[in-house]
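These notes concern the structure reproduced below.
The values are calculated or read from the model by the stated rules, or taken from the named source; none is laboratory data. No experiment lies behind these values; they were computed from the predicted model shown. Neighbour counts run over all protein chains shown; Cβ positions are idealised from the backbone, glycine included. To get the accessible areas, we keep the full protein, side chains included, count just its heavy atoms, and leave off ligands, DNA and RNA. Shrake-Rupley method; radii C 1.70, N 1.55, O 1.52, S 1.80 Å.
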Amino acid sequence: RFGAGEARAEAWSFPKASRAAFEEFPPTRASCEGLIRRVRSGGLLSAAYVARLLEAGREALEREPRVGEVECERATVVGDLHGSFDDLCAALSAAGGAPGPGEALVFNGDYVDRNPQSTETLALVLALKLCYGSRVHVNRGNHEDSSLSRVYDFERELERKYGGDAAELLRLAS
């Protein structure tokens, strides 16, 4: 395990041989690792991949009840990431990596705004949800609302990274 300042993809204990394109769809354990490596190396996620995660994530979440219970032996609750990819990786490291049988990751919203990697943070949370299904719970926070995303930094981040695709990505994320 790594401390909060040392969180890295290696903490997930993925086998070194499991190398897949990070934009594999639907996301797999290996592609989640690839996404972490891509972001850690300073790479930009493509607008098409982010849009695909947002659309598939929305569809997955719409199939679930708005209020539900998490039944598991061990749950890790993560809240208010506000675009901090490092904090997300630290939380995953502290949780012991990807959720196994009887384990759950519960994300309590506010994935975006205030930090420069909001897009990547939201993308990884959604990739984890799509990969691990009922073991990952994604709650919506007030910062996932388009009006707050305009007041804070998410809209500007999307414009800076994705130019003409920013408006559609913001619509999908709201």
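How high is the FRET efficiency from THR28 to GLU59, r the C-beta distance, R0 22 Å, rounded to 0.05?
0.75
Amide H of ALA104: which non-local residues (sequence gap of 5 or more, or other chain) have their own amide H closer than 5 Å, using H built in the peptide plane?
For ALA104, the qualifying residues are ARG74, ALA75, THR76.
Subtracting the Cα-Cα distance from 0.36 nm times the residue separation, let me have the gained length for GLU168 to GLU73 in nm, one decimal.
30.3 nm
Would you mind giving the three semi-axes, in whole Å and largest first, of the ellipsoid equivalent to segment 36-174 according to its Cα gyration tensor?
Taking √(5λ) for each Cα gyration eigenvalue gives 24, 16, 14 Å.
Can you give the charge dipole size of segment 30-133 about its Cα centre, rounded to the nearest 20 debye, using +1 on the beta carbon of Lys and Arg and -1 on the beta carbon of Asp and Glu?
Dipole magnitude for segment 30-133 comes out near 360 debye.
Provide GLU168, GLU120 ordered by accessible surface of protein heavy atoms (probe 1.4 Å), highest first.
GLU168, GLU120
How much length is gained on full extension from ASP80 to ARG156, taking 0.36 nm per residue of separation minus their Cα-Cα distance?
25.4 nm
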